[in-house]
Amino acid sequence: MNRLLLFLALLLLLATDSRAQVPLPTSPPLSQDYVRSRRLGLTFISSYDHPASEERYRNALVLGAGWNRWPLYWDRVEISPGVFDWSAYDRLVADDIQHSLGINAILIGRPSFYADGGSISGLNTPIFNDGGDLPAPGATINPANHWANFVFQAATRYSPGGLLAQQFGWSSGVTIWEAWNEPDLPLFWSGSVEDYARLLKITYIVTHYASDNSFVMFGGLAYGDPDTDNYLARVLDVFAQDPLREQFGWFMDVVAVHNYAYALRSGLVVQRVRQTLGNYGFDRAIWLNESGVPVWDDYPGPTWTRANPEMRQLRATVTQQAAFVVQSSAYAWLYGADAVFIHQLYDDCGNQPGGTDFAPNNGDLCVDGRACWGDAYGLYRNTRSNDCFRQHPLPGTPRPSASAYRLLAQIFGTQPFANGRELDFGGSMVVLQFERPQSRERILVFWNRTLEPQNIVIPAAGSSATLHSTDITGAYSSITLLPNTENTYALSMPPATRDDYPFLPEGEVSAIGGPPLLLVERVNDATPTPQAAPTLTLLPGPAPTTDPSLDTTPPTASVLPLPEVSPPTFDVAWSGSDNSGIDRYLIWVRVDGGDWQPWLETNRTSAQYSGVSGSLYEFAAWAVDLAGNWSSYSDLAPQALTRVQ
């Protein structure tokens, strides 16, 4: 069977139908009908450094992830020459399989006793003990080829049909074996291009020798300078001289790329790989298996840097992070990516050493080399039990980017869709169209690329459409649109905001566009009845009264008084004041004198609360201003209380 077709068939097994929309909770969901999207993954749902946690898995599944990506460190497995300890990875693989997740395992790490400069000792010895690289009947792995031995041990243990699958009756296992990570960066691979080509060749031959149901991935490419260095092409130049290349499919089933820059680049690096493979006369599946952006305006990010753009380069606001998740993924799919992974589920430790922790601060801790900020990549904030950054006032809660990811899974993860095309709506808008052939639907993903509000008029192709979005708090909404008398959908689009990304493409004013909208419309032949449709107006955030770059004063916030006795459902209101303006509020509730629990993170100033008869409810409010300053982190005290009658 063609390996690419077999690979795609394997992916389809991971897709499930979503029978109900699952809310984004911080408590266990009522429904187990998760969308395990075969085209969406997450890094570090669990890993060697982040042991199994049912909360982590639950949150990943609620979001709709279909894949987990984690490193399998050779140096943590082969603890002395020829002595292997697989116990930690046995648990990790078992947990992923228990939760029906696909596994993208990165084979990486070199024991010090196998070091050979920047490469691996024994790498150029024959793969098999008969003195060659071809797997003959009865052949065994050459023990002098240490990398081949490690790969064989891993693949025979964890691949579908492998030792653990036989022992526990699994029908699955590790299906994607990634040969190292970012080999084009000396930080990860300091050997030569020829050494990496040899490593990839060994990985491919050995993995397929060990298992018929595994696929080998070219290690995720960073493309740090794609204009001057095409690492993939350099490796393919090596393979072009290898007489075994055709027999073994150029030693790769999948090619992976990464992007941590502007959203469009996710599509451009996919396109670059496709073009490079075409230059050598073949094609492969391409995955964007790392992409993301850390936030600066939320702990543990450098929240005080609004006035210092240089300190927050390659960082974004929580709102921009959510927009990036949608825009980056849509661009990658547009250019032909088979799967997209977001980095990462939680903040964890980012690029900081394990154990790094500090209180939320306004930069006052940044003295004498003390840790005062970290990488906030997470769709979720760290919990109190995390190894790093444990002091967020809303531990373990989702950022708006979590809702953005979930929205993608709900729309793109429930049934197959065709790679799309970009529609021409003028230079101010990005409009990407995808098709779902099974349901005869089109999906439009669109956003404003300018710094000014814009209007967009979309010709209708059916009798109605559903418009999906998430707001700055992460709240998900969908509304039904009817075509107007011109048989169009007329919408108001909020602007992009400036960010601090260098090296933007010519003509781009921001690495990340304005908040995206997703429109799903069933295309049919019926002529819709023209009806007036209201214009959806999305207002930009509050305007500052003082330049936020000059604001260093924390905001104040309070809950307005409540009656002594309230009905089961009652209104709660709050207000705040600040020099530059309030960005959002954090509303807390305590029931019958118990522990304080977060209720809302919102830019609204009122909401309805539903209580239980006889219980006492106390409320308190915090705020975050436009400069990123938070209310003082003091012990919570009730600002308003009421008892439900």
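Every condition in (1) at pLDDT 95 or above; (2) closer than 20 Å to residue 48 by Cβ is met by residue 98 except one, and the failing one is (1).
So which of 149, 104 is without any contact (Cβ under 8 Å) to a residue 24 or more places away in the chain and either within 30 Å of residue 185 (Cβ to Cβ) or out of contact with any His (no Cβ under 8 Å at 6 or more places or on another chain) (or both)? Break it down into steps so the answer makes sense when it comes.
On the way: 104 fails: without any contact (Cβ under 8 Å) to a residue 24 or more places away in the chain.
Result: 149 is the single residue among 149, 104 that is without any contact (Cβ under 8 Å) to a residue 24 or more places away in the chain and either within 30 Å of residue 185 (Cβ to Cβ) or out of contact with any His (no Cβ under 8 Å at 6 or more places or on another chain) (or both).
Scanning the range 547-574 for residues that are within 30 Å of residue 308 (Cβ to Cβ) and either surrounded by 21 or more Cβ atoms within 10 Å (Cβ to Cβ) or not hydrophobic (A, V, I, L, M, F, W, C) (or both) yields 547, 548, 549, 551, 552, 553, 554, 555, 556, 557. Of the set (1) under 36 Å from the mean Cα position of the chain (by Cα); (2) in a loop (DSSP other than H, G, I, E, B); (3) not polar (S, T, N, Q), all apply to residue 144 but (1). Can you find even one residue in the range 48-63 that is among the polar types (S, T, N, Q), under 21 Å from residue 256 (Cβ atoms), modelled with pLDDT of 50 or more and not in a loop (DSSP other than H, G, I, E, B)? So far as the range 48-63 goes, no, none of its residues is among the polar types (S, T, N, Q), under 21 Å from residue 256 (Cβ atoms), modelled with pLDDT of 50 or more and not in a loop (DSSP other than H, G, I, E, B).
All told, residue 295 falls short of being touching a strand residue (DSSP E or B) at 6+ places or on another chain (Cβ under 8 Å), modelled with pLDDT of 95 or more and under 15 Å from residue 409 (Cα atoms).
Residues being touching a residue at least 12 places away in the same chain (Cβ under 8 Å), touching a strand residue (DSSP E or B) at 6+ places or on another chain (Cβ under 7 Å) and assigned by TED's automatic domain parsing to the domain that holds residue 70 are entirely absent from the range 166-173. Considering the range 490-510, the residues that are among the hydroxyl-bearing types (Ser, Thr, Tyr) and in a loop (DSSP other than H, G, I, E, B) include one that is surrounded by the fewest Cβ atoms within 10 Å (Cβ to Cβ), namely 497. Does any residue of the range 241-254 turn out to be assigned to a strand (DSSP E or B), crowded, with 20+ Cβ neighbours inside 10 Å and assigned by TED's automatic domain parsing to the domain that holds residue 341? Within the range 241-254, one or more residues are assigned to a strand (DSSP E or B), crowded, with 20+ Cβ neighbours inside 10 Å and assigned by TED's automatic domain parsing to the domain that holds residue 341. Going residue by residue through the range 355-366, is there one that turns out to be assigned to a loop (DSSP other than H, G, I, E, B), under 20 Å from the mean Cα position of the chain (by Cα) and of a type outside the set (A, V, I, L, M)? Within the range 355-366, none of the residues are assigned to a loop (DSSP other than H, G, I, E, B), under 20 Å from the mean Cα position of the chain (by Cα) and of a type outside the set (A, V, I, L, M).
Listed by first and then second residue, the pairs with beta-carbon distance under 6 Å, at least 6 apart or on different chains, first residue in the range 261-273 and within 13 Å of residue 327 (Cα to Cα), second polar (S, T, N, Q) and outside any helix (DSSP H, G or I), are 265/259; 266/259; 266/291.
Of the strands (runs of 3 or more DSSP E) contained entirely in the range 449-489, not one carries at least 2 residues that are in contact with a helix residue (DSSP H, G or I) (Cβ under 6 Å, 6 or more places away or on another chain) and of a type in the set (Asp, Glu). Residue under question is residue 300, and the condition is that it be at pLDDT 95 or above and within 25 Å of the chain's Cα centre (by Cα); does it hold? Yes: the conditions hold for residue 300.
Of all the residues in the range 511-524, those that are of a type in the set (Val, Ile, Thr) and assigned to a strand (DSSP E or B) number 1.
Scanning the range 422-445 for residues that are in a helix (DSSP H, G or I) and either buried (at least 18 other Cβ atoms within 10 Å of the Cβ) or free of Cβ contacts under 8 Å to residues at least 12 places away in the same chain (or both) turns up nothing.
Scan the range 86-97 and tell me whether some residue there is buried (at least 21 other Cβ atoms within 10 Å of the Cβ), part of a helix (DSSP H, G or I) and in contact with a helix residue (DSSP H, G or I) (Cβ under 6 Å, 6 or more places away or on another chain). There is at least one residue in the range 86-97 that is buried (at least 21 other Cβ atoms within 10 Å of the Cβ), part of a helix (DSSP H, G or I) and in contact with a helix residue (DSSP H, G or I) (Cβ under 6 Å, 6 or more places away or on another chain).
The values are calculated or read from the model by the stated rules, or taken from the named source; none is laboratory data. All figures in this text were calculated on a predicted structure; none of them were measured in a lab. Virtual Cβ from ideal backbone geometry, glycine too; neighbours counted across all protein chains shown.
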